[in-house]
Structure formats: structure tokens, C-alpha cells
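Data block below; observations after.
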Amino acid sequence: VDLDALPDATDESLFGRGVTDSSILAQNLIRICVSALSDNESFVYLAAVQTLVAIADARPSDTLPLLGLGVGVGQLRLASSLSNGREDVETLELSLEQRVKLTEALLFAIRRRGQGVFAHGQSMMDMMLYGSRRGGDDAAA
């Protein structure tokens, strides 16, 4: 899969609103990687961490806040395409082990973004602290 060919998505694609085919592909890859984070073999979960970082490189505006949400609240809401062309949103509950490894992926992605991470800083902090964008309907009380 050529992640460089995937266009960067808008924030609306995070939770299934206005999801594009490339967004669904990226979220399906994220789903596979998050599943691999629970593997006991280090080469499996480290490959998953590096793949998550590559996805974040290709699609930072939706992947970085999504990873922040997974670290902060232990859940990921990912869109998937159904055979009839409709989108479905699946919520993944993350184990503590998966959250720790997802944190590692987020840290690598932040380091690779360098100064560019500041463009996503507010949305990432909101996801980790509040579970969604500040003032959103999903914000934790």
C-alpha cells in the first residue's frame, strides 16, 4: 500500500462523517495495527508501531488526534466500508498494554513531525484530555 498516495483527510473524516475511500483504507490499516499491538512477539507489535507512524506521516491531521484519543480514553472509533457501499463506525476498546504501545507510536510520530506537530497540537491535546475537540458533544465531563 502506497501511503504517500493517500490524501490528507479533514477532521470530519475522523468519526465517519464524510469518509473517503482513502480514509477508510487508512482506518482499516489502523485497525489491523492496533490489533497487532496486543501481540506478545516484539517484532509484530514493533512493526505495528512503525506502520502507525507511517500512516501518521501520510495523514497527520486525522491520524495524530485519533492516536491521541486512543491514548487518552482507551477507545478508537474507526470507519469501515460495508459491502453495500455504506460506512459503519466501529468502536475499539484498547487494553492497557495496547494504550502503552499506542503511546510509543504517538511519540515516534510526534518526533518525526518535528515543528510541524504544532499544527495539530491543540486537537491532539483536546483528544487526550477531553476525548474530543473542546466543547464537542463527546467531551468528558
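What follows draws every value from the coordinates through simple rules; no lab data is involved. For clarity, every value in this text was computed on a predicted model and none was experimentally measured. Every residue, glycine as well, gets a Cβ built from its backbone with ideal geometry; the counts of neighbours run over all protein chains shown.
Neighbours of residue 32, meaning other residues whose beta-carbon lies under 13 angstrom from its beta-carbon, give a summed charge of -1 when Lys and Arg score +1 and Asp and Glu score -1. Highest mean packing comes first when the peptides 50-56, 39-45, 29-35 are listed by Cβ atoms within 10 Å, giving 50-56, 29-35, 39-45.
Highest mean packing first, where packing is the average number of other Cβ atoms within 10 Å per residue, the peptides 65-78, 95-108 line up as 65-78, 95-108.
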